[in-house]
1. Given charges of +1 on the Cβ of Lys and Arg and -1 on the Cβ of Asp and Glu, with all other atoms neutral, how large is the dipole of the range 1-131 about its Cα centre, in debye to the nearest 20?
2. So if a site counts as exposed when it's one of the GluC sites (Glu not before Pro), its DSSP state isn't H, G, I, E or B, and it has at most 13 other Cβ atoms within 10 Å, what's the longest stretch of the chain without one?
3. Sorting LYS122, LYS28 on the 10 Å Cβ count, fewest up front, what's the list?
4. Once the other residues with Cβ under 13 Å from the Cβ of ILE115 are scored (Lys, Arg +1; Asp, Glu -1), what is the net sum?
5. Could you size up the charge dipole of the range 78-154 around its Cα centre, putting +1 on the beta carbon of Lys and Arg and -1 on that of Asp and Glu, and report it in debye to the nearest 20?
6. Could you grab the relative contact order for the range 54-103? Cα pairs under 8 Å, six or more apart, rounded to a whole percent.
7. Check ALA76: other-chain or 5+ apart residues with amide H under 5 Å from its amide H, H built from backbone geometry?
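Values in this text are rule-based calculations from the coordinates and carry no lab data. Note that this is a predicted model, so its numbers are computed, not measured. As a convention, Cβ positions derive from the backbone with ideal geometry for all residues, glycine included, and neighbour counts pool all protein chains shown.
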Amino acid sequence: MSALQVYFCGSIRGGRQDRALYARIVDKLRQYGRVLTEHVASEGIRERGEDAVQDGDKGVHDRDLKWLEQADVVIAEVTQPSLGVGYELGRSVAMKKKILCLFRPSSGRCLSAMIRGAEDNKRFFVKDYQEQDIEKILEEYFRATFPDDLTLQP
C-alpha cells in the first residue's frame, strides 16, 4: 500500500500566530503519509507568504491546487481566519476530498458558519479541540477514516 497523501492547510498571510502548532500537526501527520504542504509550518514563511516561488502568487496557486488534487485527505487548522484556507476548503469540497477542520474555541474567535455549516459527518468534519489534545484527535480521525489503509509508524 502506498502512503496517504496529506494536504495540510493553515494560515500564512492571514497571520502566523499558530505556526508552532502547525509544526506539531505536520509532525504528527507524517505518521500517516506524505505531507504535501509541510512548508505551511515553516519558520521561514512569514505573513507576506512565499517569496521564492517561480511565477509568484500564480505559481503558489497552481502548485497548491496540483497538490490538492493529489491529496487523499485534507487537514485544516481553521482557528486563525484565512481567506486562503477557506478557498482551499471550498476547492476540496468540490473535489470530494475527505476533510477534517480543527478549531480551538479557547481562541475567543467564532468559526465561520461557512465552515461549521459544511460539516456532514461523512466527508467533512469539524472538530473543536484544545491544543494539548491535537495528537489524540488526529489519531482518532485517521483510525476511523482509513481503518484498512492505515499503517501507523511508531
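1. The dipole of the range 1-131 has a size of about 320 debye.
2. That would be 48-154.
3. LYS122, LYS28
4. Every neighbour counted, the sum reads -2.
5. 360
6. That works out to 42 percent.
7. Close amide H contacts, sequence-distant or interchain: CYS9, LEU100, CYS101, LEU102.
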